[in-house]
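Enquirer: First the structure, then my questions, so here it is.
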Amino acid sequence: MAVELRVPEVGESITEVQIGTWLKKEGDSIERDEALVEIESDKATLELPAPVAGTLAQVLKKKGETVKVGDLIATIGEGEGKPGAKQAPASKAAAPAQAAAPAPAASKDAEAPAKPAAQAPRPAPAPATPSPAPARPSAPPPSAAPPRVMPSARRVAEQNAIDASQVAGTGPGGRVLKEDVMEHLTRKPAPAAPKPAAREAGAPAPPWTPPETDERIEEAVPMSPMRLRIAERLKDAQNTAALLTTFNEIDMSGVIAAREELRDSFAERFGVKLGFMSFFVKAAVDALMHFPQVNAEIRGKEVVYRNYYDLGIAVGGGKGLVVPVLRSAEKLSFAEIELRIADFGARAKENKLTLDELKGGTFTISNGGVYGNLLSTPIINPPQSGILGLHAIQKRPVVVDDQIVIRSMMYVALTYDHRIVDGREAVTFLRHVKGLIERPTRMLLGI
């Protein structure tokens with residue numbers, strides 16, 4: 001009896017999802033709880049497991065289709081299904097063994113291997129010279145479909161003599177975009193190709209050569225549900241909240257010195273590197289305790305204050321920026337913060353974060369400094385009332401005790417909802433964070 005595979009509930013307020021990559025094909029054998037298909041919601045990409053073992057009988061919804069929660073997307077039948085490439089070589093390998101039996105009756109009893117050997121009435125005539133064993137057929141290639149290459153990407157690849165199927169795609173569904181080919185060219189020297197080159201003999205080839213064509217090409221690629229949701233929420237934040245950003249700069253010398261002193265012993269004991277983020281999480285929690293408006297939110301005509309601190313940490317994922325949440329960050333040690341952030345980052349790249357890890361959050365920290373960003377105005381994640389933006393660390397001349405010295409400085413930005421947070425609280429909040437980071441021992445002593 002066929003078992004129906006339907007779209008499950010994947011989170012509160014999520015009513016539809018997009019079908020991603022099917023990990024199995026029709027007729028393939030599947031095991032219970034084996035991943036069958038990826039489904040993309042506006043918050044995360046999830047793998048839908050098989051409820052029973054059997055055969056993927058029919059795929060009803062293709063990749064890219066939008067379906068509602070509860071829709072039927074496939075059916076699972078009984079039996080083992082097609083064994084694929086694993087069984088084909090075994091069945092073909094049995095043919096040479098049967099060919100060695102000269103009696104035609106041997107093929108009739110092929111299903112009982114021991115019977116032909118016991119009932120062989122005539123000895124096989126010994127050949128004058130041993131015949132060579134039949135060549136074993138090679139195993140069929142893997143059935144994984146090659147990545148889809150967009151037209152402009154294929155054109156640039158052909159002009160630079162590159163196999164586009166070897167380029168890692170970053171587009172939706174793993175599509176290879178024109179930008180992916182260009183990046184591949186910058187990382188790998190382009191092979192010599194016959195073209196009317198005007199450069200001198202022996203001169204190195206440029207990393208990328210613009211295509212010699214006047215054709216103007218546009219490509220329309222559908223936005224993923226996650227990207228659509230991000231765009232919707234950020235625009236809602238700008239339309240609803242009274243956003244304002246205040247800035248300050250922090251001398252990172254104290255934190256850098258602490259990391260240098262404790263880096264090896266910290267990694268040896270806890271199995272993770274001591275980064276900057278744990279210091280800022282601790283400082284932000286302390287500042288939120290002093291200024292509860294920044295940790296609150298507006299619900300209708302009420303302001304909701306909290307006695308817990310769930311900090312969202314923005315990390316780059318496989319399908320875009322995601323913000324997993326450190327629950328009860330006030331209770332976490334430096335090591336626990338670093339371990340959880342490292343885990344979030346690793347699983348975000350593989351789209352393995354769960355919906356529960358992405359929901360909620362009372363305050364967010366975004367570190368654009370890892371990409372070299374020097375200054376920005378981050379947008380809050382509604383219904384939160386604040387977000388702290390971190391930036392790149394640069395050595396700059398500053399005045400300390402009336403002396404010009406070189407220090408490692410970082411600009412920080414706090415964007416806040418002016419409907420609930422006054423400018424005085426916002427500026428003082430940022431100064432509080434600055435004071436803790438510049439004297440990190442205060443966080444250890446709780447002062």
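Enquirer: Which residue, of L262, L332, L321, L326, is in contact with a helix residue (DSSP H, G or I) (Cβ under 8 Å, 6 or more places away or on another chain) and exposed (fewer than 14 other Cβ atoms within 10 Å of the Cβ)?
Expert: Matching residue, one of L262, L332, L321, L326: L321.
Enquirer: Under the condition of being in contact with a Pro (Cβ under 7 Å, 6 or more places away or on another chain) and closer than 25 Å to A231 by Cβ, which residue from segment 18-61 is surrounded by the fewest Cβ atoms within 10 Å (Cβ to Cβ)?
Expert: My answer is D42.
Enquirer: Are any of the residues in segment 410-425 on the phi > 0 side of the Ramachandran plot and more than 37 Å from the chain's Cα centre (by Cα)?
Expert: no
Enquirer: Need at least 3 residues that are of a type in the set (D, E, K, R) per element, so show me which helices (runs of 4 or more DSSP H) inside segment 267-365 make the cut, counting only ones lying wholly within it.
Expert: Output list reads 334-349.
Enquirer: Picking from E297, E357, E350, which residue would you name as being acidic (D, E) and more than 30 Å from T170 (Cβ to Cβ)?
Expert: E297
Enquirer: In segment 204-213, is there at least one residue being under 30 Å from E40 (Cβ atoms) and either among the polar types (S, T, N, Q) or modelled with pLDDT of 80 or more (or both)?
Expert: Looking for residues that are under 30 Å from E40 (Cβ atoms) and either among the polar types (S, T, N, Q) or modelled with pLDDT of 80 or more (or both), one finds none in segment 204-213, hence no.
Enquirer: Of everything in segment 280-306, what is open to solvent by 70 Å² or more (accessible area, probe 1.4 Å) and closer than 23 Å to L444 by Cβ? Give them in sequence order.
Expert: M289, H290
Enquirer: Now a separate question. Quick test of your reading of the structure: R431 fulfils all but one of (1) at pLDDT 95 or above; (2) open to solvent by less than 50 Å² (accessible area, probe 1.4 Å). Name the failing condition by number.
Expert: Only one criterion in (1) at pLDDT 95 or above; (2) open to solvent by less than 50 Å² (accessible area, probe 1.4 Å) is unmet by R431, namely (2).
The values are calculated or read from the model by the stated rules, or taken from the named source; none is laboratory data. Note that the coordinates shown come from a computational prediction; the quantities given were computed from them, not determined experimentally. FYI the Cβ positions are ideal-geometry reconstructions off the backbone, even for glycines, and counts take in every protein chain you see. Side chains are part of the model used for accessible areas, which takes the heavy atoms of the whole protein and leaves out ligands, DNA and RNA. Shrake-Rupley method; radii C 1.70, N 1.55, O 1.52, S 1.80 Å.
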